[in-house]
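Input: a single structure, listed below in structure tokens.
The values are calculated or read from the model by the stated rules, or taken from the named source; none is laboratory data. A quick note: this is a predicted structure, and the numbers were derived from the prediction, not measured. Every residue, glycine as well, gets a Cβ built from its backbone with ideal geometry; the counts of neighbours run over all protein chains shown. What goes into the accessible areas is simple: the full protein's heavy atoms, side chains included, and nothing from ligands, DNA or RNA. Shrake-Rupley method; radii C 1.70, N 1.55, O 1.52, S 1.80 Å.
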Amino acid sequence: EIAPIGTIQNTFVTIRQNQASSFRRGFETDYIWTIIPKLQLKGQLTYMQAKISRYQALDDTEVYENVNTPLSPNWNILNTLQLEVIPKLFVSLRGRYLSKSYIEPTNKADFVLPEFIVADFHIHYMYKLHQFKIQVNNIFNQQYFTHGLVINSTTPGFFVQAPQHFYATAQFRF
């Protein structure tokens, strides 16, 4: 099997290499619950264990057994609470949780991508065939990371996501 266990490039891309034995197991579900006619809770929930049975770096004599696959969090949860305020005008609050994961295959405690929760607010209006959207992403201005790499033997590096920001789109169809 090929897995992201090779060297990590300065572009945050991990070289994929063959490994003798590994597994992934878990469950994933999508759901929509209409709480009342104009209020819905939508989401996705994933729980996954991804393990490498045996790992040895090319330049190391130590063998690591039963380690977590890099950048594979156990939990990935996305929920959206959406309200139709008036016909064709929707507001929604979206929250995402990602549990911790390791940024390299030895699973050293110094090289952990921390868990995070981030929330967004969206307004979506439809007029005939046209759509207008306003988004406020990361409404609580959380600092969070979605990727990482090993800078040297004691220093992790992280790909920092955007602080609170606004985004607007308009889509016109004729």
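Residues in the stretch 25-46 that are under 23 Å from the mean Cα position of the chain (by Cα), open to solvent by 70 Å² or more (accessible area, probe 1.4 Å) and of a type outside the set (F, W, Y): R25, E28, D30, I32, Q44.
Return the only residue of P114, P73 being of a type outside the set (V, I, T), open to solvent by less than 40 Å² (accessible area, probe 1.4 Å) and in contact with a strand residue (DSSP E or B) (Cβ under 9 Å, 6 or more places away or on another chain). From the options P114, P73, the qualifying one is P73. Which residues, counting only those in the stretch 163-174, are exposed (fewer than 11 other Cβ atoms within 10 Å of the Cβ) and in a loop (DSSP other than H, G, I, E, B)? The answer is F172, R173, F174.
Residues in the stretch 45-52: is at least one in contact (Cβ under 8 Å) with a residue 40 or more places away in the chain and within 28 Å of T29 (Cα to Cα)?
yes
Just so you know, in the stretch 128-160 the residues that are among the aromatic types (F, W, Y) and within 22 Å of G95 (Cβ to Cβ) include one that is most open to solvent (accessible area, probe 1.4 Å), and it is F140. Evaluating A109 against the criteria (1) assigned to a strand (DSSP E or B); (2) surrounded by fewer than 15 Cβ atoms within 10 Å (Cβ to Cβ) leaves one unmet condition, (1).
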